[in-house]
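What follows is a short report on a single structure.
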Amino acid sequence: MTTYIFGYGSLMNSASRQLTGQTSAATPAIVAGFQRHWGKIDSSYTLSPLVVDKGHGSVNGVLLQVNEAGLAEFDIRERGYHRVLVPASDIDCDLHITKDDQVWVYIKDSPEPPCKLSPIVQTYVDTVLAGCLEISEQFAKQFVDSTLGWHHPLVNDRHAPKYGNLAGVRPEHHAQIDKLIGNVVA
């Protein structure tokens, strides 16, 4: 049995996830039966990260092989979420996932939308999209197009980062990221 995490936000960024633990290289995947959107987790968060919940649609992200110790480290990072198993039949990727393998995704049931006190922050967006760009620009576009809630408050904190796992974002990413989200951010 092999254990994986399906990362659909900051875990797509190799430098950001290495701040938490060791994983395999990322394998792009699409998982059916979930919707991704911006949402508040709980009062300990001062920003609104990405969340998925069960729903119609599909989400692009990456599969990351982890061991039990690594899974425990990511459980701590993903506090406020809970893990659910994803059926192998709902995963489209280049890996051979069997029914004996475990693929976990961190979800939030009934998340609240971002607000001015807990907004979407640009450094989190930058971290996620830099991770998407590690795969391809098309993968990043798919992420933007399939993520709901871009109309909620977004704060540009590039001058004073509020996102604690900011990593892997270079200044040259900024113009590319701004172009990717230009049509969805008011």
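Only one of these is under 25 Å from LYS141 (Cα atoms), hydroxyl-bearing (Ser, Thr, Tyr) and in contact (Cβ under 8 Å) with a residue 40 or more places away in the chain: THR46, THR20, THR27, THR3. Name it. Give the derivation first.
Details: THR46 fails: under 25 Å from LYS141 (Cα atoms); THR20 fails: under 25 Å from LYS141 (Cα atoms); THR3 fails: under 25 Å from LYS141 (Cα atoms).
Testing whether each residue is under 25 Å from LYS141 (Cα atoms), hydroxyl-bearing (Ser, Thr, Tyr) and in contact (Cβ under 8 Å) with a residue 40 or more places away in the chain leaves just THR27.
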When every residue in the range 45-93 that is of a type in the set (Gly, Ala, Ser), part of a strand (DSSP E or B) and open to solvent by 30 Å² or more (accessible area, probe 1.4 Å) is compared, the one nearest to THR127 (Cα to Cα) is SER58
Which condition number in (1) closer than 13 Å to ALA29 by Cα; (2) free of Cβ contacts under 8 Å to residues at least 40 places away in the same chain; (3) open to solvent by less than 30 Å² (accessible area, probe 1.4 Å) is the one that HIS96 fails? (3)
Looking at the range 159-170, I want the residues that are more than 13 Å from SER14 (Cα to Cα) and have a partner that is open to solvent by 60 Å² or more (accessible area, probe 1.4 Å) with Cβ atoms under 8 Å, at least 6 apart or on another chain. Which pairs are those? LYS162/THR46
Assess whether PRO119 counts as being closer than 20 Å to VAL59 by Cα and open to solvent by less than 40 Å² (accessible area, probe 1.4 Å). no
With respect to SER10, is the statement that it is of a type in the set (Gly, Ala, Ser) and open to solvent by 60 Å² or more (accessible area, probe 1.4 Å) true? no
With respect to the numbered conditions (1) of a type in the set (Ser, Thr, Tyr); (2) under 27 Å from HIS82 (Cα atoms); (3) at pLDDT 95 or above; (4) surrounded by fewer than 15 Cβ atoms within 10 Å (Cβ to Cβ), which one is the sole condition not fulfilled by SER136? (2)
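Among the residues of the range 174-186 satisfying the criterion of being at pLDDT below 95 and open to solvent by less than 60 Å² (accessible area, probe 1.4 Å), which is nearest to GLN35 (Cα to Cα)? Before the answer, list the steps.
To start, the set of residues in the range 174-186 that are at pLDDT below 95 comprises 182-186.
Then drop every residue that is not open to solvent by less than 60 Å² (accessible area, probe 1.4 Å), which leaves 182, 184-185.
Values: GLY182: 21, VAL184: 17, VAL185: 19 Å.
The residue in question is VAL184.
The values are calculated or read from the model by the stated rules, or taken from the named source; none is laboratory data. On a predicted model such as this, the values are computed, not experimentally measured, just so you know. Using ideal geometry, Cβ is built from the backbone for each residue, glycine included, and neighbour counts are taken over all protein chains shown. These area figures cover heavy atoms from the full protein model, side chains too; ligands, DNA and RNA do not enter into them. Shrake-Rupley method; radii C 1.70, N 1.55, O 1.52, S 1.80 Å.
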